Amino acid sequence: MSDTLLDLQALIPDLAPAVERRELGDRLTIITNTLREFPGEIERLDALLDIAALTKFAADLAELRDDAADAAEALKTAQKSDELREAKDAFEALRKTLARVGRQVTEHWRSIVEREFRPLIAFGMLLERVDNLADLGRRMQSCAHEALASKQNNRLSDLRPIVRRLMLEAERLHTERAASVGAIPGVGDFLSAVGDQRATLALVTPAVLDWLKENGALENFKVSA
């Protein structure tokens, strides 16, 4: 047997441990890269959960929380090659669930924008025609336009502060609107009907007429057949 073959034969007992160490090294590289990405995914998870709470997202988030807990535990305790592989698989499962639920949450926000914020534009334009409520009308329109613009933002960490601010602003605007308009019977119905182009003279009650006079708005509305 040649010296080369003898040298190879002598190395055989060391091959399996060497391969195992190489595989473990590769796994460690993978897990290191995974750990670098983990904080970013956790930030997305926190933002998603906050937005879900702010917008009363009704879907069950148990799977997402479970995947996050599994990934965190696996990454924290993994040492052996198979454990490192399982940790990476758990992290990938979290990423997939997070992406899927993230799309659902952003779509939920878009539906809220259309249902609750877009109508503020028309109503705000009406209030802008009423001298004492012009500022409120302009703020309603500004809030609605900012909400509509937010529909283009798919980054959860960026969307979170926008959603929080707009939800608070919308609540303040509705409270101010109720105090200014809802206190007079029929005024809210009249303005809503004007905004929907379904107003009739039957809605112009004495109370509504007095309110329009007091707010210098008589000249800003006209009757059409």
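The values are calculated or read from the model by the stated rules, or taken from the named source; none is laboratory data. Just so it is clear, the model here is predicted, and its values are computed rather than measured. Cβ placement follows ideal geometry from the backbone for every residue including glycine, while neighbour counts extend to all protein chains displayed. Just so you know, the surface numbers come from the protein's heavy atoms only, side chains and all, with ligands and any DNA or RNA stripped out. Shrake-Rupley method; radii C 1.70, N 1.55, O 1.52, S 1.80 Å.
Would you mind stating whether D158 is farther than 29 Å from T106 by Cβ, of a type outside the set (A, V, I, L, M) and surrounded by fewer than 15 Cβ atoms within 10 Å (Cβ to Cβ)?
Judged against the criteria, D158 is not a match.
Just for the stretch 192-225: of the residues that are surrounded by 10 or more Cβ atoms within 10 Å (Cβ to Cβ) and in a loop (DSSP other than H, G, I, E, B), which one is modelled with the highest pLDDT?
T205
Search the stretch 55-104 for residues being of a type in the set (G, A, S) and not in a helix (DSSP H, G or I), and hand back the single one that is most open to solvent (accessible area, probe 1.4 Å).
Of everything passing the filter in the stretch 55-104, A58 is most open to solvent (accessible area, probe 1.4 Å).
Is it true that some residue in the stretch 77-98 is under 15 Å from I51 (Cβ atoms) and at pLDDT below 95?
yes
For the stretch 160-175, how many residues are touching a Ser or Thr at 6+ places or on another chain (Cβ under 9 Å) and either basic (K, R) or touching a residue at least 40 places away in the same chain (Cβ under 8 Å) (or both)?
Selection size over the stretch 160-175: 3.
What's the number of the only condition in (1) in contact with a Cys (Cβ under 7 Å, 6 or more places away or on another chain); (2) open to solvent by 40 Å² or more (accessible area, probe 1.4 Å) that L166 fails to meet?
Going through (1) in contact with a Cys (Cβ under 7 Å, 6 or more places away or on another chain); (2) open to solvent by 40 Å² or more (accessible area, probe 1.4 Å) one by one, L166 breaks only (2).
Just the residues that are free of Cβ contacts under 8 Å to residues at least 24 places away in the same chain and in a helix (DSSP H, G or I), please, taken from the stretch 126-159.
Across the stretch 126-159, the qualifying residues are E128, A134, D135, G137, R138, Q141, S142, E146, A149, D158.
Yes/no per residue for (1) hydroxyl-bearing (S, T, Y); (2) in contact with an Asp or Glu (Cβ under 7 Å, 6 or more places away or on another chain); (3) at pLDDT 90 or above; (4) open to solvent by 40 Å² or more (accessible area, probe 1.4 Å):
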| position | (1), (2), (3), (4) |
| --- | --- |
| T106 | yes, no, yes, no |
| R110 | no, no, yes, yes |
| R115 | no, no, yes, yes |
| A149 | no, no, yes, yes |
| N154 | no, no, no, yes |
| I162 | no, no, yes, no |
| V187 | no, no, no, no |
